[in-house]
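Have a look at the structure below before the remarks.
The values are calculated or read from the model by the stated rules, or taken from the named source; none is laboratory data. Keep in mind it's a predicted model, so treat the numbers as computed, not measured. Positions of Cβ are backbone-derived with ideal geometry, glycine not excepted, and every protein chain shown enters the neighbour counts.
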Amino acid sequence: MAKQQRTQKQTTVDHKNGNGYQQEHTEVFDDNLLPDATEIQKLKEMDPEIMTWLKARAEKEQDFRHAAFNHRTTILESDVKGSIRINTMGTIFAFIIIMSGMAFSAFLVHYGSIIAGTIFSGLTIVYAASLFLRKKRNMSNEK
């Protein structure tokens with residue numbers, strides 16, 4: 001029913017800048033749900049009711065493809081929602097940790113430990129900045 005062809009070709013390329021490989025990958029898929037007209041004619045000669053059977057099979061195949069596509073879309077949507085949820089929770093917890101660190105620094109400064117409070121505040125800010133910069137760097141490396 002379906003015409004499929006898959007070829008792979010690798011050649012060595014010599015160039016003035018050096019040697020290398022050139023790879024060629026070709027795929028041809030004629031994924032028809034029904035056979036071609038000559039094949040249908042031959043099948044109809046053997047069984048006159050073959051057309052109703054072929055139509056039913058084509059409809060079932062199409063329903064399956066639609067269901068598989070919808071399932072794949074649902075999986076992708078849940079993956080994106082999960083990533084958004086994780087990023088949101090990470091941002092919220094980072095904000096809570098930073099604010100807690102700043103509040104503790106203010107507490108230390110208020111009760112006379114000015115140097116310890118200043119150092120703790122500075123370390124909190126540096127740690128928060130490094131977290132966000134690391135996140136940005138990881139996101140740019142993934143692209």
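Taken over the stretch 96-127, residues that are within 28 Å of Ile84 (Cα to Cα) and either exposed (fewer than 11 other Cβ atoms within 10 Å of the Cβ) or under 28 Å from the mean Cα position of the chain (by Cα) (or both) amount to 2.
Ala94 meets the conditions (1) of a type in the set (A, V, I, L, M); (2) at pLDDT 90 or above; (3) under 30 Å from Ile125 (Cα atoms) in every case but one. The failed one is (2). What about Thr38, is it part of a helix (DSSP H, G or I) and either surrounded by 10 or more Cβ atoms within 10 Å (Cβ to Cβ) or among the hydroxyl-bearing types (Ser, Thr, Tyr) (or both)? Yes, satisfied.
Only one entry in Lys44, Lys16, Lys9 is surrounded by 10 or more Cβ atoms within 10 Å (Cβ to Cβ) and basic (Lys, Arg), namely Lys44. Considering each residue of the stretch 84-92 in turn, none proves to be within 30 Å of Thr7 (Cβ to Cβ) and either surrounded by 10 or more Cβ atoms within 10 Å (Cβ to Cβ) or among the β-branched types (Val, Ile, Thr) (or both).
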